[in-house]
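J.: Let me begin by handing over the structure; questions about it come next.
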Amino acid sequence: MKHVAIIGGGITGLTVAYLLEQQKQEHPDELDYQLIEKEERLGGKVITENVDGFIIEGGPDSFISRKPEVMKISEQLGISANVMGTNTTHRGSYVLSDNQIHQLPDGVALLMPFKIMDFARNPIISWRGKFRALGDLFIPARPNQQDESLASFINRRLGNEMLEKLIGPLVGGIHSNNPNSMSLQATFPRFLEMEREHRSIILAILHMKRAMKKRMKQVNPASTNRKPPFLTFQHGMTELTSALEKALSPDSIHTGTAVARIEKGEQTPYRIFLQNGEEINADAVVVTAGANIATKLLNGIDEELAQLLGKIPFTSSAAISLGYRKADLPQLPLGYGITIPVREQRNISAITFSSLKWDHRVPNDDYMLLRIFIGGYANPELVQRDNEHILDIIKMELNDILGITADPVVQRIYRWVQGRPQYELGHLDCVHQIEARLQDHPGLYVAGSSFYGAGLSDCIASAVRGTNTILKELGIESNN
Ligand SMILES: Cc1cc2nc3c(=O)[nH]c(=O)nc-3n(C[C@H](O)[C@H](O)[C@H](O)COP(=O)(O)OP(=O)(O)OC[C@H]3O[C@@H](n4cnc5c(N)ncnc54)[C@H](O)[C@@H]3O)c2cc1C
């Protein structure tokens, strides 16, 4: 019988546990597992609260349909019927530019401006900036495929205005990351592929648009509908983590106790020391708590490995949900939300109109739910300030930007201190070095948002890779 310890019960740790549970049910004498989570609650950054009928997300509010992992596991868990797309009534997103709210051209929010004419007419980018962006049609592709920062890439292909006013803030919003130091290879490899395959980003978009139209006609000639790019669960993202939790053996789960350190053992390859003084022996360990935690936990096993893990920087951010009576609000722009570039010098980096973006987010049509983001690379300190200070700043800026003066009827702040990995230039090299060091420690694996993508699908994919790797190293044939 092999024992596996899973450190951390976010989406990654829960997925590893779920896969091992399935393995265990098929071969009960072969394998057992224990999941150790510091908090009393499982789910990690996935947290949904129902507050007086407002469905409030503290972390992720969606997953992308382009990557299959979340949908696949939802089908296995029997919860895929609860998956829903963004509300199509008020499509569209906005950006604050010189303190004015402008609608973004279609597709720009996905970093793919499919309607090029809409983009040409849009006032956010000056004519000079638009002509510069067209330069992309003539600029040769970069000959080498070395890593490059997002800022350098966009500057080189589309010009600085596109970077500062559009792409930088949108990407910064997704990754809480600084475009000047953010690795394109690790975050948006698609951009590099587009340049490699089509030489120009604009040509690549035109090519993709044609291919998409052709595909849609083949599926259903009458159809012009696109699959919603973002999906969520009707009752919030914890539907996913709760379903995973329910599928596990309750006696395999230990919450409310943190792992203090991991060492090599004598009876078994690994020995896990918990903060409450208990010890666990394991044949394999999957650490999913984040590279900034793994660096401390694994220092006793391999200093070099710990140093490499410690090289991945983290930043802090917070998501604040405010619920209002509609009657108390001025007329707001209709759409999914507003991105606020760093150059606007605001504390708020984005506002999501959660109840316009998704159905079932408010008690009834008399209410509206907003989600406001602060922190990230440009302003991580703000996250550590007290609630009152944060709410005062947010209310002041909501008044400036949207003319909101009313007090919310519901408010919730979720802080993610040092919770967001930053994929800096050279990130993938560092991850490859970590993987090379792990080769010296069969049965040990690090998984989760710190390595090959922070999206929920990426975390699930990382969990699947991790589970398969340790099973192989334990000599157990995987059924995944
Ligand atoms: C505000 C916000 C919005 C986001 N929006 C989206 C989105 O819309 N779509 C999307 O796909 N992604 C989004 N993400 C990213 C995504 O939510 C995360 O990358 C993902 O949830 C990380 O999962 P994880 O299991 O790897 O890590 P975590 O969820 O961080 O889980 C790690 C767990 O380890 C535990 N732990 C830490 N230390 C110890 C220890 N010593 N011992 C035991 N346990 C420990 C922690 O308590 C935690 O539960 C968002 C993230 C944030 C913060």
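The values are calculated or read from the model by the stated rules, or taken from the named source; none is laboratory data. All of these numbers come straight from a predicted model, not from anything done at the bench. Virtual Cβ from ideal backbone geometry, glycine too; neighbours counted across all protein chains shown. The area values use the complete protein model at the heavy-atom level, side chains included, leaving out ligands, DNA and RNA. Shrake-Rupley method; radii C 1.70, N 1.55, O 1.52, S 1.80 Å.
J.: Of the residues that make up region 12-22, is at least one part of a loop (DSSP other than H, G, I, E, B) and either within 9 Å of the ligand (Cβ to nearest atom) or farther than 29 Å from residue 276 by Cα (or both)? Let's see the steps before the verdict.
T.: Looking only at region 12-22, we keep the residues that are part of a loop (DSSP other than H, G, I, E, B), and these are none.
For region 12-22, residues part of a loop (DSSP other than H, G, I, E, B) and either within 9 Å of the ligand (Cβ to nearest atom) or farther than 29 Å from residue 276 by Cα (or both): absent.
J.: So which of 387, 379 ends up being in contact with a strand residue (DSSP E or B) (Cβ under 8 Å, 6 or more places away or on another chain) and modelled with pLDDT under 95? Spell out the reasoning first.
T.: Details: 387 fails: modelled with pLDDT under 95.
Going through 387, 379 in turn, the sole match is 379.
J.: If a residue counts only when it is farther than 30 Å from residue 75 by Cβ, open to solvent by 30 Å² or more (accessible area, probe 1.4 Å) and not polar (S, T, N, Q), which strands (runs of 3 or more DSSP E) contained entirely in region 361-471 have at least 2 such residues?
T.: Numbers: elements: 367-375, 410-421, 444-446.
Because the criterion is at least 2 residues that are farther than 30 Å from residue 75 by Cβ, open to solvent by 30 Å² or more (accessible area, probe 1.4 Å) and not polar (S, T, N, Q), the strands (runs of 3 or more DSSP E) in region 361-471 that meet it are 367-375, 410-421.
J.: I need a count of the residues in region 316-349 that are open to solvent by 20 Å² or more (accessible area, probe 1.4 Å) and either closer than 21 Å to residue 55 by Cβ or among the small types (Gly, Ala, Ser) (or both).
T.: Result for region 316-349: 8.
J.: Among the residues of region 316-335, what is the count of those that are touching a residue at least 24 places away in the same chain (Cβ under 8 Å) and either over 27 Å from the mean Cα position of the chain (by Cα) or away from the ligand (no atom under 16 Å from the Cβ) (or both)? First the steps, then the outcome.
T.: From region 316-335, those touching a residue at least 24 places away in the same chain (Cβ under 8 Å) are 316-330, 332-335; that's our starting set.
From the residues that got through so far, the ones that are either over 27 Å from the mean Cα position of the chain (by Cα) or away from the ligand (no atom under 16 Å from the Cβ) (or both) too are 323-330, 332-335.
Number satisfying all stated conditions: 12.
J.: Separate question: For region 69-106, what are the residues that are open to solvent by 60 Å² or more (accessible area, probe 1.4 Å), at pLDDT below 95 and either in a helix (DSSP H, G or I) or over 19 Å from residue 348 (Cα atoms) (or both)?
T.: Of everything in region 69-106, those that are open to solvent by 60 Å² or more (accessible area, probe 1.4 Å), at pLDDT below 95 and either in a helix (DSSP H, G or I) or over 19 Å from residue 348 (Cα atoms) (or both) turn out to be 88, 89, 91.
J.: Condition check: open to solvent by less than 60 Å² (accessible area, probe 1.4 Å), within 30 Å of residue 275 (Cα to Cα), assigned to a loop (DSSP other than H, G, I, E, B) and not assigned by TED's automatic domain parsing to the domain that holds residue 365. Does residue 60 satisfy that? Break it down stepwise before answering.
T.: Values: open to solvent by less than 60 Å² (accessible area, probe 1.4 Å): yes; within 30 Å of residue 275 (Cα to Cα): yes; assigned to a loop (DSSP other than H, G, I, E, B): yes; not assigned by TED's automatic domain parsing to the domain that holds residue 365: yes.
Yes, satisfied.
J.: All but one of (1) of a type in the set (Val, Ile, Thr); (2) surrounded by fewer than 23 Cβ atoms within 10 Å (Cβ to Cβ); (3) closer than 19 Å to residue 445 by Cα hold for residue 15; which doesn't?
T.: (2)
J.: Follow-up. Whether any residue in region 126-146 is modelled with pLDDT under 85, surrounded by fewer than 17 Cβ atoms within 10 Å (Cβ to Cβ), assigned to a helix (DSSP H, G or I) and not assigned by TED's automatic domain parsing to the domain that holds residue 379 is what I want to check.
T.: No.
J.: So which pairs qualify, if the first residue must be in region 395-418 and in contact (Cβ under 8 Å) with a residue 40 or more places away in the chain and within 16 Å of the ligand (Cβ to nearest atom), the second must be open to solvent by less than 60 Å² (accessible area, probe 1.4 Å) and basic (Lys, Arg), the Cβ gap must be under 9 Å, and the two must be at least 6 apart or on different chains?
T.: Listed pairs, sorted by first residue: none to list.
J.: Name the single residue that is nearest to the ligand (Cβ to nearest atom) among those in region 29-46 being at pLDDT 95 or above and open to solvent by less than 30 Å² (accessible area, probe 1.4 Å).
T.: Looking at the filtered set, the residue picked out is 44.
J.: Working only within region 262-315, note down all residues that are crowded, with 19+ Cβ neighbours inside 10 Å, away from the ligand (no atom under 13 Å from the Cβ) and in a strand (DSSP E or B).
T.: Correct list: 270, 271, 282, 284.
J.: Might you check whether a residue that is outside any helix (DSSP H, G or I) and acidic (Asp, Glu) occurs anywhere in region 185-201? Walk me through it before giving the result.
T.: Of the residues in region 185-201, the ones outside any helix (DSSP H, G or I) are 188, 199-200.
Still in the running and acidic (Asp, Glu): none.
The answer is no; no qualifying residue exists.
J.: Report, ordered by the first and then the second residue, all pairs with beta carbons closer than 7 Å, sequence separation of six or more or different chains, a first member in region 68-86 that is charged (D, E, K, R), and a second member that is open to solvent by less than 50 Å² (accessible area, probe 1.4 Å).
T.: That search, which allows pairs on different chains as well, returns 69/457; 69/460; 69/461.
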